[in-house]
1. Tell me, which residue of the range 267-277 that is of a type outside the set (Val, Ile, Thr) and out of contact with any Phe, Trp or Tyr (no Cβ under 9 Å at 6 or more places or on another chain) is surrounded by the fewest Cβ atoms within 10 Å (Cβ to Cβ)?
2. Hey, does the range 123-140 have a residue that's farther than 16 Å from Ile75 by Cα, of a type in the set (A, V, I, L, M) and either modelled with pLDDT under 95 or in contact with a strand residue (DSSP E or B) (Cβ under 8 Å, 6 or more places away or on another chain) (or both)?
3. For the range 218-247, enumerate the residues that are touching a residue at least 40 places away in the same chain (Cβ under 8 Å) and acidic (Asp, Glu).
4. Every residue in the range 203-239 that is surrounded by fewer than 14 Cβ atoms within 10 Å (Cβ to Cβ) and part of a strand (DSSP E or B), please.
5. Within the range 162-170, identify whether any single residue is closer than 17 Å to Ile254 by Cβ, surrounded by 16 or more Cβ atoms within 10 Å (Cβ to Cβ) and either of a type in the set (A, V, I, L, M, F, W, C) or touching a strand residue (DSSP E or B) at 6+ places or on another chain (Cβ under 9 Å) (or both), and answer yes or no.
6. Considering each residue of the range 82-98, count those that are closer than 28 Å to Leu176 by Cβ and assigned to a strand (DSSP E or B), and give that number.
7. Output yes when any residue across the range 310-330 is over 23 Å from Leu35 (Cα atoms), part of a strand (DSSP E or B) and β-branched (Val, Ile, Thr), and no when none is.
8. Would you check if Val296 is buried (at least 23 other Cβ atoms within 10 Å of the Cβ) and under 20 Å from Asn230 (Cα atoms)?
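The values are calculated or read from the model by the stated rules, or taken from the named source; none is laboratory data. Quick caveat: nothing in here was measured; it's all calculated off a predicted structure. Note: ideal-geometry Cβ built from the backbone for every residue, glycine included; neighbour counts use all protein chains shown.
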Amino acid sequence: MKPTLLTKLIFTVFITINLSAHSQENWTHLRGSQLDGHSLSKNAPVNWSETSNVLWKTAIRGVAWSSPVVLGDQIWTSSATQNGDELFVVCTDFNSGKILKELILFNPDSVQHIHPTNSYATSTPCIEDGFVYVHFGTYGSACVDTRNFEIVWTRTDLNCEHMQGAASSPILYKNLLILHIEGTDVQYLIALDKHTGKTVWKTERPLEFYKNVEPVYRKAYCTPIVVEVNGKDQLVSNGAQLCIAYEPETGKEIWQVFYGDDSTVAMNLSYNGMVYVNSGWMFPEGGTFYVRMLAVDPTGTGDVTKTRVKWEVAEDVPQISTPVIVDSLIYMVHERGDLTCLSAKTGTVIWKTKLKDQFNASVLYASGNIYLFGLKGKTYVIKPGLTFQLVAENQLEGQVKATPAIVRDNIILRTDKFLYRIGKKGE
């Protein structure tokens, strides 16, 4: 039977809508939709200031170091009062900067102490079509319908003693929302049914690595990544004592690399079949504490500490800021401003320089440039390559700890007071 004109028209509209939806870039997780710090933008801004190329600037209530996520015309950020008695989300219109909704999710009766550099809303939400998922550590996790701003489900029973506050961000994997609950008392990963919030699986960290260490060395603030190895996905997660790869559907362990000692924050990286693992702080007896980066071949099983670690470096590796990999080179900036370019294959230092700044936000790549976001509001734009090439320095007011989103040729940047949309005016 030949298709009618109406059938052809409906099919054409359907295809057009789908092509439009898939071609629009979104930024759904911490460090982007692929969790790798890469933007698809082709013409992201290079130069801006408080008086140039700021398309809008919106005040966001509260104190929070979580990053913005973007889907369609909505930008979502989590936030909290300074004392943690209100934990909420804010939805901002991408085009105008107008706040569409502020929704209080949790009002804890009491809160734990946090580190002076942390906030009660440091975990970044994740988002998909129709729903945003927000995590505040021990105080609660929630799913919100982004179409009507109604709360779909909440969980307040995933508890731990954070000691210094929460920072781990959730990720989506198929029908699962995966969370890390790692404090001084309990350490586990848990996967929730994203539609209902009910537990699908829960996996404890291996007790033998945690039972004989002081509580302060058990906590972690990590956000996992998912990598494909020999046609199967692995959930790679670095805790305080060791990095473990799990089956994301079941939570079953695949391999592990032990390192010790404390407080993993920076995310792992993946490139060309290798996984790059951040060890968190190492505390040698009588020496200066430091952080290691380990290059791990993820094709093994069991304890691969002595068999699959291809190289490691321990100089100027950041604890908080996650590096980015571009064309087989790793770019990492230490919290105190030491910027290093490494070979992803060998770990060899290609070049090194010093920026007179401090850094917490992660490094991003967009439109042929690398972006480094200083704590005091200055962004450094450099060219990737075998030598250090500074392209621009851009200053905004306020403090920057949250990793921005670079999406659709715009930078969505959050300071301690404001949310900015930075773009090229008139384009």
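1. If we take residues in the range 267-277 being of a type outside the set (Val, Ile, Thr) and out of contact with any Phe, Trp or Tyr (no Cβ under 9 Å at 6 or more places or on another chain), then Asn272 is surrounded by the fewest Cβ atoms within 10 Å (Cβ to Cβ).
2. no
3. Within the range 218-247, Asp233 is the sole residue that qualifies.
4. If the condition is that a residue be surrounded by fewer than 14 Cβ atoms within 10 Å (Cβ to Cβ) and part of a strand (DSSP E or B), then Glu204, Glu228, Lys232 are the ones that fit.
5. no
6. Total meeting the criteria: 6.
7. No: the range 310-330 contains no residue that is over 23 Å from Leu35 (Cα atoms), part of a strand (DSSP E or B) and β-branched (Val, Ile, Thr).
8. yes
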